[in-house]
1. Tell me, yes or no, whether the range 284-293 has at least one residue that is assigned to a helix (DSSP H, G or I), exposed (fewer than 11 other Cβ atoms within 10 Å of the Cβ), on the phi < 0 side of the Ramachandran plot and not aromatic (Phe, Trp, Tyr).
2. Given the condition over 20 Å from GLY167 (Cα atoms), surrounded by fewer than 15 Cβ atoms within 10 Å (Cβ to Cβ), of a type outside the set (D, E, K, R) and touching a Gly at 6+ places or on another chain (Cβ under 8 Å), answer yes or no: does some residue in the range 67-90 qualify?
3. Looking only at the range 97-116, decide whether some residue is surrounded by 19 or more Cβ atoms within 10 Å (Cβ to Cβ), more than 29 Å from SER40 (Cα to Cα) and at pLDDT below 95.
4. Here is a list: PRO193, PRO240, PRO234. Which entry is of a type outside the set (Phe, Trp, Tyr), surrounded by fewer than 18 Cβ atoms within 10 Å (Cβ to Cβ), modelled with pLDDT of 80 or more and on the phi < 0 side of the Ramachandran plot?
5. Which residue pairs have Cβ atoms closer than 7 Å, lie 6 or more positions apart in sequence or on different chains, and pair a first residue in the range 1-30 that is free of Cβ contacts under 8 Å to residues at least 60 places away in the same chain and within 20 Å of SER86 (Cβ to Cβ) with a second residue that is outside any loop (DSSP other than H, G, I, E, B) and not acidic (Asp, Glu)?
Amino acid sequence: MKVAGFTFIRNAISNDYPIVEAITSILPVCDEFVIALGNSDDDTTKLIESIGSPKIRVIHTFWNESLREGGSVFAAETDKAFAAISPDADWAFYIQGDECIHEKYLPVIMQAMEQNLNDQRVEGLLFKYLHFYGSYDYYAQSRRWYRREIRILRNNKHIHSYRDAQGFRWDNRKIQVKLIDAYIYHYGWVKPPAGLKNKVRNFNQFYHDDAWLAENMPAETFKFDFGNADRLLPFEGTHPAVMQRRINAQNWKLEVDAKELERKMSLRRRILQKIEDITGWRISEYRNYKIIK
């Protein structure tokens, strides 16, 4: 069984993406790793080179910044990396620049790939998610946040990244997947307040034109709203070992009233969230996949 990791990245330093941690968190289970390295304005190239692994292969890309509808440029860059994977790889393990895998899940992931290798019904493996928010001490839990997504795929070129690279499709249909007991740790929203403000504006430039940004997110007055979290829950587990240096360097304290955030939820969301808490069923959940037993 051969496993190829893949990702895309651009301006990792200026946007404070933990891309090195993301890559090295899954590198132990990969035989090769392809990085679509976009045209950066900082030292992202040197940062990637500092990993120093012979498994890594870089392809240099140029982002088409005219692809602003729905974040489609992210999907385009993902597809470039996926297309460059060696044809003899069986599985393709996707990781985004703000995601990590805890080392405790690597044996579970390897076992799942081995067990499903010859079952052609299984076209991908579905992961659970923890969305850390504001700091490394809290994670957001809300119907607004996707709780599962595909991160391992068959190395079949009929597969392509879908919409803004959150998920994948096989041609135009949903992929058949097995849900595995492993989590993606998502750190994209772990930044000091000023960093979160910049993240939102920078992120939206790949979804909207300049006129929309100027009207809806003027740089001089735009403020970050923590209400997007709905619920902030304390994290009582451990983080991946590769993230420890970043965690130790955190120099801010999250000043948010978690109870006040929850009180601001609409009645509809509170009712639906309560049903999910009790039953585990997320009513009307968006699923870009089909779970098979």
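1. For the range 284-293, residues assigned to a helix (DSSP H, G or I), exposed (fewer than 11 other Cβ atoms within 10 Å of the Cβ), on the phi < 0 side of the Ramachandran plot and not aromatic (Phe, Trp, Tyr): absent.
2. No, every residue in the range 67-90 fails to be over 20 Å from GLY167 (Cα atoms), surrounded by fewer than 15 Cβ atoms within 10 Å (Cβ to Cβ), of a type outside the set (D, E, K, R) and touching a Gly at 6+ places or on another chain (Cβ under 8 Å).
3. Within the range 97-116, none of the residues are surrounded by 19 or more Cβ atoms within 10 Å (Cβ to Cβ), more than 29 Å from SER40 (Cα to Cα) and at pLDDT below 95.
4. Exactly one of PRO193, PRO240, PRO234 is of a type outside the set (Phe, Trp, Tyr), surrounded by fewer than 18 Cβ atoms within 10 Å (Cβ to Cβ), modelled with pLDDT of 80 or more and on the phi < 0 side of the Ramachandran plot, namely PRO234.
5. From the range 1-30, the pairs are LEU27/GLY5; LEU27/PHE33.
Residue-by-condition table, conditions (1) free of Cβ contacts under 8 Å to residues at least 12 places away in the same chain; (2) farther than 20 Å from ILE247 by Cα:
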position: CYS100; (1), (2): no, no
position: GLU103; (1), (2): no, no
position: GLN111; (1), (2): yes, yes
position: GLY124; (1), (2): no, yes
position: LYS128; (1), (2): no, yes
position: TYR133; (1), (2): no, no
position: TYR136; (1), (2): no, no
position: TYR146; (1), (2): no, yes
position: GLU149; (1), (2): no, yes
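The values are calculated or read from the model by the stated rules, or taken from the named source; none is laboratory data. Note that the structure is predicted; figures quoted are calculated from it, not measured. No Cβ is skipped: glycine too gets one built from the backbone with ideal geometry, and neighbour counts run over all protein chains shown.
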